[in-house]
Every structure is written in C-alpha cells, then in structure tokens.
Amino acid sequence: MKQAIMIGAGNIGRGFIGALLEKSGYHVTFADVAENLISAINQRRSYTVHIQDRECAEWTVTNISGISSANQELVDAIAGDCELITTAVGLRILPIVAKPIAAGIKGRKAAGSTQILNVVACENAVRGTSQLRDAVYANLSEEEIAYAGEYVGFADCAVDRIVPKASFENPLDVAVEQYTEWDVEKGGWKGELPDIQGCSFVDDLSAYIERKLFTLNSGHAICAYLGALRGHRTIVESIADPAIGDVVYQAMCESGEGLIKKFGFDPEAHHAYIDRIFARFQNPFLEDETQRVAREPIRKLAPTDRLVKPLTTAYGYGLNVDHLIFGAAAALHFNCPEDEQSVELMKKIEAEGVEKALEAYTGLKASDPLFGRILDVYRGLGVAKK
C-alpha cells in the first residue's frame, strides 16, 4: 500500500491534504507534537470531514495512524518505505521539521534505498517547499545532498482551502469549505506523477501563486481592512456591507485584468474564478474574523504581497486601479493593540507621518502617482471613520 506522512495533524492536515491522500489510496501517518491528538488518532482510527457550504456533505477517513514528530518515530517512518511527505505546520516551523526529514534521508541512504521519496510543503507561503529543501540540505553532507538530489523530490505547491471553526463529538472531525485547490509543480517532482484526488500537477506554479495572491489574498485583505474600519466582526458581515462588497469585487476584477495581461489567462475563465472566490467570502459557515485576516499589516503592505503587488502590476499595464487603491489605504488605518505589526505601524504614523510609513512599508516613492492617490483615499477613509 502507498505510504504518506502528513507532518502536522491540525485542521488543514486532517481536513485538506491528509484527507485527499487517504481518499486516493494512501495510508496516511499523521505526525505531530500534540500527544493528545496523536493518541486520539491511534485510538479512534477514523474521523469525518464535514463540508460546510451552500451544499453540505461529509466523508469518513479511516486508513490512518499517528506518530510523534518530536522523537525518533518520525525519523524511522521517513527512513522506511514512505514515498510522500507533506507538511501543514506553518512557515516558521519548517526549519524544525527539516531536521527529522534530513535524518530520515540519511537513514534511507545508509540502508541503500533507491525508492523515490517526494516532499511537498503545503503551506500558505510562496515556494515553501524550496525553503524546506534548503533547510533539509543544511543538515546533510555533500554526499547526502547528492543522494537526495537523485532520489528525493522537493515540489513546490499552491494550496487553497478555508477551514471554519467547528466542534464535533469526535475531536478529530473537521469542517471544511467545498472549494479546494492544490497545485503541485511538476519540475520538482521525481518519478511518475501519482493520481491524487484534488491535486493538479502544473508546469509553471508562478501563475497559480500570483492568481491566488491577487484574487483570494488580495480580496480577503481588502475586505478585512475595510470591515475593521466600519466595525464589522467577520468577513461575512463585511462583504454583505454594500459599501465594502462592491469595492472588494471591483478590486478583484482590476487585479484580474493585470493577471490576464501578465499571464495570458483566458478572460472568461478568470472572471469565473473571481466569482467563485467572491462567493466563498459569503459562506455563512466561515466565521473568519476581520481582526484575524487583517493582522500583520506591514507584511501585507510589502511590495511583493497582496495589497501593493496587484496594484502596481495592474497600474503598470495602464489599467484602472480605483478600487485596488483602497487596500493599501485601509491597511494604513488598521489599529489593533493585540497585533505587533499594527502597533508598530500606528507608532510610525504618529511619530513620522503617514507619508513616511507608506514609503517605508510599500516601497513606493512620493514621486510615484500611486503614492498620492493612496494618501487621498487614506484621508477620505479617515474622515468617513470619524
């Protein structure tokens, strides 16, 4: 039987990646530091995935087991007959899980294994697997790196599925939305491409990464920042506000026109994708809080992230950006004492002025036409807030 290790047994691991692998004929071994979670997996040996959307459904996952990711168990499992490792642990944890992965690769080399192993980091990050590979290689010798280069694939991917908060009698059960996307780049994969339900193998991942960034991430963030300004608690409440919903949808369309120009996307297909993403924001089961989505505004204002890059890309093609501008402008108003980046942002604006903050965090210069337009909207939003 095909063997996969899912590092990270949280809601994404169980409700998204692990569930798709089990559905595709893999025995899935969940590895996690949470001993109570691993114990529950080994005792219950099954859980149910509940799709909570406009159309509800469920299915049961049974071909599973659990091991600790904090000791030799994980190393031994990787050194054995495992053929696929996936992660859902968060970007900052990847250097930690890189160590047992490296140790497992060393074990495979020592045993003379020529079985192909593929590793896919299913994180909400750009080129997360490449970052994991670099961390793994940092723990290997030159000979071991050469071995990994021949027998271990590291394939970058883009993942997209929202997991709403829910509680069930079985603590392993998990709720998910209907929508799912898992795109894996062929170039990093070694050996024959497997048939995994819900997974697509693509030639160039960059288009899919930017499509998500410019559409889901951008629209989600704009909705959150405008919603926070108007006192809305959730994304569902925010998107239902006519003053917000239209701005978000038009901003997604503007960023979409930039993507169509850049990657040659089919316009009709891409606008259908925008409509699907916009509909997801309206899912009543998704209790996404505006404060959670809006956190870390400095990171999200960066030149390569979800607010500024779609804006500068569309503007660079001479396209309309009247609604995209609201993203950066509203983010500059995000005042949340519980969020470190928001506190830093507010302090900088108070001490040096919003102009310095805009320049420091977005990379835009005062001479850039977008700079003044963002400030105009920022000031207009401040008046509206009062």
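The values are calculated or read from the model by the stated rules, or taken from the named source; none is laboratory data. Owing to the predicted nature of the structure, the values given are computational and were not obtained by experimental measurement. Please note: Cβ atoms are built from the backbone with ideal geometry, for glycine as well, and neighbour counts cover all protein chains shown. Just so you know, the surface numbers come from the protein's heavy atoms only, side chains and all, with ligands and any DNA or RNA stripped out. Shrake-Rupley method; radii C 1.70, N 1.55, O 1.52, S 1.80 Å.
Numbers below:
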{"item": "Residue match in segment 311-330 (condition: more than 18 Å from residue 378 (Cα to Cα), touching a residue at least 24 places away in the same chain (Cβ under 8 Å) and under 24 Å from the mean Cα position of the chain (by Cα))", "result": "yes"}
{"item": "Residue match in segment 290-297 (condition: touching an Asp or Glu at 6+ places or on another chain (Cβ under 9 Å), within 23 Å of residue 233 (Cα to Cα), in a helix (DSSP H, G or I) and open to solvent by 10 Å² or more (accessible area, probe 1.4 Å))", "result": "yes"}
{"item": "Selected residue (criterion: most open to solvent (accessible area, probe 1.4 Å)) from residues of segment 298-323 that are within 21 Å of residue 254 (Cα to Cα) and of a type in the set (A, V, I, L, M)", "result": "319"}
{"item": "Residue that is nearest to residue 320 (Cα to Cα) [pool: residues in segment 330-372 that are among the basic types (Lys, Arg) and in a helix (DSSP H, G or I)]", "result": "356"}
{"item": "Pairs where the first residue, in segment 190-209, is farther than 16 Å from residue 17 by Cβ and of a type in the set (Val, Ile, Thr) and the second is part of a strand (DSSP E or B) and open to solvent by less than 40 Å² (accessible area, probe 1.4 Å), C-beta under 9 Å, 6+ apart", "result": "202/158; 202/183; 202/184; 202/185; 209/158; 209/183"}
{"item": "Of all residues making up segment 128-145, the number that are hydrophobic (A, V, I, L, M, F, W, C), open to solvent by less than 60 Å² (accessible area, probe 1.4 Å) and in contact (Cβ under 8 Å) with a residue 40 or more places away in the chain", "result": "2"}
{"item": "Scan of segment 1-57 for residues that are open to solvent by less than 30 Å² (accessible area, probe 1.4 Å), touching a residue at least 60 places away in the same chain (Cβ under 8 Å) and among the polar types (S, T, N, Q), ordered by number", "result": "24, 48"}
{"item": "Total residues in segment 214-243, condition of a type in the set (Gly, Ala, Ser), surrounded by fewer than 23 Cβ atoms within 10 Å (Cβ to Cβ) and in contact (Cβ under 8 Å) with a residue 24 or more places away in the chain", "result": "1"}
{"item": "Criterion: under 19 Å from residue 93 (Cβ atoms) and polar (S, T, N, Q) - qualifying residue of 63, 42, 11", "result": "11"}
{"item": "Among (1) within 19 Å of residue 73 (Cβ to Cβ); (2) open to solvent by less than 10 Å² (accessible area, probe 1.4 Å); (3) not polar (S, T, N, Q), the one test that residue 148 misses", "result": "(1)"}
{"item": "Selection count, segment 272-289, where residues are open to solvent by less than 50 Å² (accessible area, probe 1.4 Å) and either in contact with a Leu (Cβ under 9 Å, 6 or more places away or on another chain) or not aliphatic (A, V, I, L, M) (or both)", "result": "7"}
{"item": "One residue from 340, 359, 344, 352 being modelled with pLDDT of 95 or more, touching a Lys or Arg at 6+ places or on another chain (Cβ under 7 Å) and more than 19 Å from residue 223 (Cβ to Cβ)", "result": "359"}
{"item": "Residues of segment 170-211 that turn out to be touching a Cys at 6+ places or on another chain (Cβ under 6 Å) and surrounded by fewer than 19 Cβ atoms within 10 Å (Cβ to Cβ), as a count", "result": "0"}
{"item": "Flag if residue 246 is open to solvent by 10 Å² or more (accessible area, probe 1.4 Å) and out of contact with any helix residue (DSSP H, G or I) (no Cβ under 9 Å at 6 or more places or on another chain)", "result": "yes"}
{"item": "From 98, 125, 121, residue being open to solvent by 20 Å² or more (accessible area, probe 1.4 Å) and in contact (Cβ under 8 Å) with a residue 24 or more places away in the chain", "result": "125"}
{"item": "Qualifying residue in segment 249-266 (condition: surrounded by 16 or more Cβ atoms within 10 Å (Cβ to Cβ) and not in a helix (DSSP H, G or I))", "result": "yes"}
{"item": "Hits in segment 101-118 (condition: outside any helix (DSSP H, G or I) and crowded, with 20+ Cβ neighbours inside 10 Å)", "result": "117, 118"}
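Per-residue answers, yes or no, for (1) assigned to a loop (DSSP other than H, G, I, E, B); (2) within 14 Å of residue 289 (Cα to Cα); (3) out of contact with any strand residue (DSSP E or B) (no Cβ under 7 Å at 6 or more places or on another chain); (4) of a type in the set (Asp, Glu):
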| site | (1), (2), (3), (4) |
| --- | --- |
| 208 | no, no, no, no |
| 215 | no, no, yes, no |
| 218 | no, no, yes, no |
| 223 | no, yes, yes, no |
